[in-house]
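The values are calculated or read from the model by the stated rules, or taken from the named source; none is laboratory data. All of these numbers come straight from a predicted model, not from anything done at the bench. Cβ sites come from the backbone with ideal geometry, for glycine too, and all protein chains shown count toward neighbours. To get the accessible areas, we keep the full protein, side chains included, count just its heavy atoms, and leave off ligands, DNA and RNA. Shrake-Rupley method; radii C 1.70, N 1.55, O 1.52, S 1.80 Å.
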Amino acid sequence: MVWDVLVVGGGNAALCAAITAREAGASVVLLEHAPRAFRGGNSRHTRNLRAMHDAPAGVLTDVYGEAEYWDDLLRVTGGATDEHLARMTIRASADAPAWMSAHGVNFQPSLTGTLNLGRTNAFFLGGGKALVNAYFAAAERLGVTILYDTEVTDLELDNGAVRAVNTVSRGFPLTLQARSVVAASGGFQANIGWLREYWGEAADNFIIRGTPFAQGTVLRDLLGHGVQQVGDPAQCHAVAIDARAPKFDGGIVTRLDCVPFSIVVDRAAWRFYDEGEDVWPKRYAIWGRLVAQRQGQIAYAILDAKAAKLFMPSVFPAIRAGSIAELAGKLGLDPAALETTVSRYNASVRPGNFDSAALDDCRTEGLDPPKTHWARTIDTPPFIGYPLRPGITFTYLGVKVTERAQVLMRNGRPVANLWASGEIMAGNILGKGYLAGFGMAIGTVFGRIAGAEAARHAGN
Amino acid sequence: MPETETMREARRVMEICNACRYCEGFCAVFPAMEMQRAFSDGDLTDLANLCHNCKACYYACQYAPPHPFGVNVPRTFSLLRDETYRNHAWPRLLARAFARNGTVVALVTAAALALVLLLTGWLVAPGTLSHAWIGPDAFYRVIPWVAMTGVAAATLLFSLLALGIGGVRFWRASGGGVPVRRGDVLRGLHDAVTLKNLGGGGHGCNDRDEAFSMARRRFHHVMAYGFLACFAATCIAAFEAYALGRPAPYPLFSLPVIFGTLGGIGLLVGASGLMALKLTADPVPAARRLLGADVALLALLWLAAATGLILLIFRSTAAMGALLAIHLGVILALFVLLPYSKFVHAPYRTLALIRNAANSADRVQ
């Protein structure tokens, strides 16, 4: 049979597209690479969506208008965005929560420790996997055909249109035909081989925070067919996470918020960056890159008992020792070198009024690099260490789309029957940086547009 | 006491949950968990008994099996609750009743039935069970008043004592508590009688699979209030018999019969519904080993209601004697088994809810 709409992917953007297309009357098939237990792509690991609102609405408090939302985006991207698409997404995000509720997503007040997001972001009750479950249930109820364990290997893109979609479905080759195709298959961050093209052998030491199924197969295939690309292919969003995390899918629990209250040393036991440069939410996302640039892509946060309870711990136990030398031994560092680093740091700490919640005046003097806030001597056992590695969240490379989510060729002409939504096109709007809950906003807004357009095209 | 495998697993799981916290909107367990950075055995016992086994956290969990972390809170806490039940059973010797609880419940029920039948056969003249007794005090012609009242009172008092001692032991073992005010007790009781934590914020729980439903909460309500109505019927009847001198049986439109009938129907509907949910639910978040205990108590409650209603229907026929003996046998088994069946979750959960109310009030201050 020829499907009206074929959706590649199984995360938020794919599901929004599939549900919208089916509700418009199209016959829809959704191809999810993962088995059912791991369905939902990186949406499984998300927990909120950033939504514009001109008045308090549901769990969203106060006001978060277009201007402020746009300012936030401009700040994090440093201008690496498309204002037209961005403003359109921001405006459309206002409708998203109601649509989500209507399709089974439940919301809750912001999680503890994320109070600063309660105004701007709507939190999903139970997190992203609960959202994914709700959408799959809605899609099934509507009659969307879902194929799990089905990896799209390539699209037959010929003469400006997708003619067929080749897959491996539960181990067997399967070719499908569809009048319209929506590519919502995410980025390529789980493809270590591809990351190695930009990062060399360092990529082997990267930990992928989310789904191992984000291989970028469809993205690479489309770019190979002459589709226009957006976003810097070498860039990815990387944070410093606990080095003991599993290679894939460790998710939220491997994050470490201890950096501002520690000193961070590399494999040679030397410091390399100001750990107290700014409040953690503003520096969270630079430490992945910093660690990625160190030898062996590893670093170690060193703290003492005074700082032990100032931050959310990761899921792995702190490494404790009675002395700095012993701690160095446990972390595999040179004890003498770590003792030197700690004592030089301690000697440069100036007295101040420590305040973990604000940019305080505790800083070092005469130290390079300095620690400009929250600098206190490391002198109270037990001493604590956490190993850090780069944790890759997503990549920025994507395909260029129109405001109707239609995919553009390098010659500027749209592919007649191909739309894109979610991470595969997020680079159009978020070319750099990170804004909590914005990926889900892009996926929801463009998923719905792509689904509607794809269904309309199939109906004509 | 060496730490059990289940306790270790509960600690591992809570440490993962505490680093994630996505589930904190579902129920009281997760906000209570967030109060700690490390979990003592008492903390874990408390959290496990606070858990209503709604399974919402399992289906929302990105670390649930087959993820290598294999987080399965409902299953882990079910197993830990079973340890609580054994650890706090009184007398200690009877803790073994929880080892193969389904079998124990079945055997005790059979023994109680046989005992009551034999007693009625022996104590009263032959032919009693097959005679169609009618009129006031007909029941006591079958089973003498002293025997019925004496056995009932002794069993019930012993069961209440055992439940009480278990409750005190549980309270101490699960961490004692912050000072409990009257308001905390009221709030804890409110949360218990409304099953607030099976509400999942208004859309229900994952009774069978990823879909949310209120079925389990409603069936449990119907069953629990049915049980209370039956208990009320018994108390009213006792009052009428001893204080007013009007022995059973009572007319159809009397308080004991109305309460008993409605309660019996509630028990039948609730226990059947819960049983059906249990048997058709996704087995992964459930502890297979405890299925026997779960089913046994539901079956016993169902039998108690069914035999009571059948007795009501046929009470003026020749079958009354035998039906009465069977019904009382089941009731005897139920009372004997209260402290040694899954029924103990009721006092433990209520105590955990009261402590949670006290801790939350403390948190707000």
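Exactly one residue out of A:340, A:372, A:380, A:364 is out of contact with any Phe, Trp or Tyr (no Cβ under 6 Å at 6 or more places or on another chain), more than 24 Å from residue A:325 (Cβ to Cβ) and β-branched (Val, Ile, Thr): that is A:372. For the range B:171-184, the criterion of being touching a residue at least 40 places away in the same chain (Cβ under 8 Å), closer than 16 Å to residue B:52 by Cβ and among the aromatic types (Phe, Trp, Tyr) is met by none of the residues.
Is it true that some residue in the range B:292-310 is more than 23 Å from the chain's Cα centre (by Cα), in a helix (DSSP H, G or I) and not acidic (Asp, Glu)? Yes. The residues in the range A:135-162 that are within 14 Å of chain B (Cβ to nearest Cβ), under 22 Å from residue A:25 (Cβ atoms) and surrounded by fewer than 22 Cβ atoms within 10 Å (Cβ to Cβ) can be counted, and the count is 5. Number of residues in the range B:320-355 that are over 20 Å from the mean Cα position of the chain (by Cα) and open to solvent by less than 40 Å² (accessible area, probe 1.4 Å) equals 6.
If you check A:357, A:337, A:325, A:347, which single one turns out to be at pLDDT below 95 and out of contact with any Cys (no Cβ under 8 Å at 6 or more places or on another chain)? Just a single option satisfies the conditions, and that option is A:357.
For the range A:115-126, a tally of residues being touching a residue at least 24 places away in the same chain (Cβ under 8 Å) and either of a type in the set (D, E, K, R) or within 14 Å of chain B (Cβ to nearest Cβ) (or both) returns 7.
Total residues in the range B:179-213 satisfying the condition of being touching a Cys at 6+ places or on another chain (Cβ under 8 Å), of a type in the set (A, V, I, L, M, F, W, C) and within 14 Å of another protein chain (Cβ to nearest Cβ): the figure is 2. You will find that of A:132, A:165, the residue that is in contact (Cβ under 8 Å) with a residue 12 or more places away in the chain, among the β-branched types (Val, Ile, Thr) and more than 14 Å from chain B (Cβ to nearest Cβ) is A:165 and no other.
Scanning the range A:325-360 for residues that are in a helix (DSSP H, G or I), more than 35 Å from the chain's Cα centre (by Cα) and either loosely packed, with under 15 Cβ neighbours inside 10 Å or not acidic (Asp, Glu) (or both) gives A:325, A:335, A:336, A:337, A:340, A:343, A:344, A:346, A:347, A:348. Restricting attention to the range A:375-387, does a residue exist that is more than 15 Å from residue A:275 (Cβ to Cβ) and of a type in the set (Gly, Ala, Ser)? No, the range A:375-387 contains no residue that is more than 15 Å from residue A:275 (Cβ to Cβ) and of a type in the set (Gly, Ala, Ser).
The helices (runs of 4 or more DSSP H) found entirely in the range B:129-232 that carry 1 or more residues being buried (at least 19 other Cβ atoms within 10 Å of the Cβ), at pLDDT 85 or above and in contact with a helix residue (DSSP H, G or I) (Cβ under 7 Å, 6 or more places away or on another chain) are B:145-173, B:182-194.
Within the option set B:26, B:30, being within 17 Å of residue A:313 (Cα to Cα) and crowded, with 20+ Cβ neighbours inside 10 Å holds for one residue only, B:30.
Residues of the range A:274-310 that are more than 23 Å from residue A:343 (Cβ to Cβ), surrounded by fewer than 20 Cβ atoms within 10 Å (Cβ to Cβ) and touching a helix residue (DSSP H, G or I) at 6+ places or on another chain (Cβ under 6 Å): A:280 alone. Taking residue B:317, is it open to solvent by 40 Å² or more (accessible area, probe 1.4 Å) and of a type in the set (Ser, Thr, Tyr)? Criteria met by residue B:317. Taking the conditions (1) farther than 23 Å from residue B:343 by Cα; (2) out of contact with any Phe, Trp or Tyr (no Cβ under 9 Å at 6 or more places or on another chain); (3) within 14 Å of another protein chain (Cβ to nearest Cβ) in turn, residue B:239 satisfies each one other than (3).
Close contacts from the range B:52-65, counting a first residue that is facing chain A (nearest Cβ under 7 Å) and under 18 Å from residue B:197 (Cα atoms) and a second that is acidic (Asp, Glu) and part of a loop (DSSP other than H, G, I, E, B), with Cβ to Cβ under 8 Å and a gap of 6+ residues or different chains, come to B:59/B:209; B:59/B:210.
Only one of the numbered conditions (1) within 14 Å of chain A (Cβ to nearest Cβ); (2) of a type outside the set (A, V, I, L, M, F, W, C); (3) under 23 Å from residue B:324 (Cα atoms) is not met by residue B:247, and that is (1).
Looking across the range A:1-19, the residues that are touching a helix residue (DSSP H, G or I) at 6+ places or on another chain (Cβ under 9 Å) and either more than 16 Å from residue A:418 (Cβ to Cβ) or without any contact (Cβ under 8 Å) to a residue 40 or more places away in the chain (or both) come down to A:10, A:11, A:12, A:15, A:16, A:19. Scan the range B:268-290 for residues that are in contact (Cβ under 8 Å) with a residue 60 or more places away in the chain and either in contact with a Cys (Cβ under 8 Å, 6 or more places away or on another chain) or open to solvent by 50 Å² or more (accessible area, probe 1.4 Å) (or both) and the total you get is 3.
Checked against (1) modelled with pLDDT under 95; (2) open to solvent by less than 40 Å² (accessible area, probe 1.4 Å); (3) more than 20 Å from the chain's Cα centre (by Cα), residue A:76 meets all criteria but (3). Here residue A:247 fulfils each of the conditions (1) in contact with a helix residue (DSSP H, G or I) (Cβ under 6 Å, 6 or more places away or on another chain); (2) closer than 30 Å to residue A:13 by Cα; (3) in contact (Cβ under 8 Å) with a residue 40 or more places away in the chain apart from (1). Would you confirm whether or not the range B:43-52 contains a residue that is small (Gly, Ala, Ser) and surrounded by fewer than 21 Cβ atoms within 10 Å (Cβ to Cβ)? No, because not a single residue in the range B:43-52 is small (Gly, Ala, Ser) and surrounded by fewer than 21 Cβ atoms within 10 Å (Cβ to Cβ). Which residues, taken from the range B:24-44, are more than 10 Å from every other protein chain (Cβ to nearest Cβ), in contact with a Leu (Cβ under 9 Å, 6 or more places away or on another chain) and within 21 Å of residue B:196 (Cβ to Cβ)? B:27, B:28, B:29, B:32, B:33, listed by residue number.
No other residue among A:173, A:212 is open to solvent by 30 Å² or more (accessible area, probe 1.4 Å) and over 18 Å from residue A:9 (Cβ atoms) apart from A:173. The residues on offer are A:60, A:30, and the sole one that is modelled with pLDDT under 95 and surrounded by 24 or more Cβ atoms within 10 Å (Cβ to Cβ) is A:60. Across the range B:7-23, which residue is farthest from the other protein chains (Cβ to nearest Cβ) among those that are without any contact (Cβ under 8 Å) to a residue 12 or more places away in the chain and over 14 Å from residue A:255 (Cβ atoms)? Ranking the qualifying residues of the range B:7-23, first place goes to B:8.
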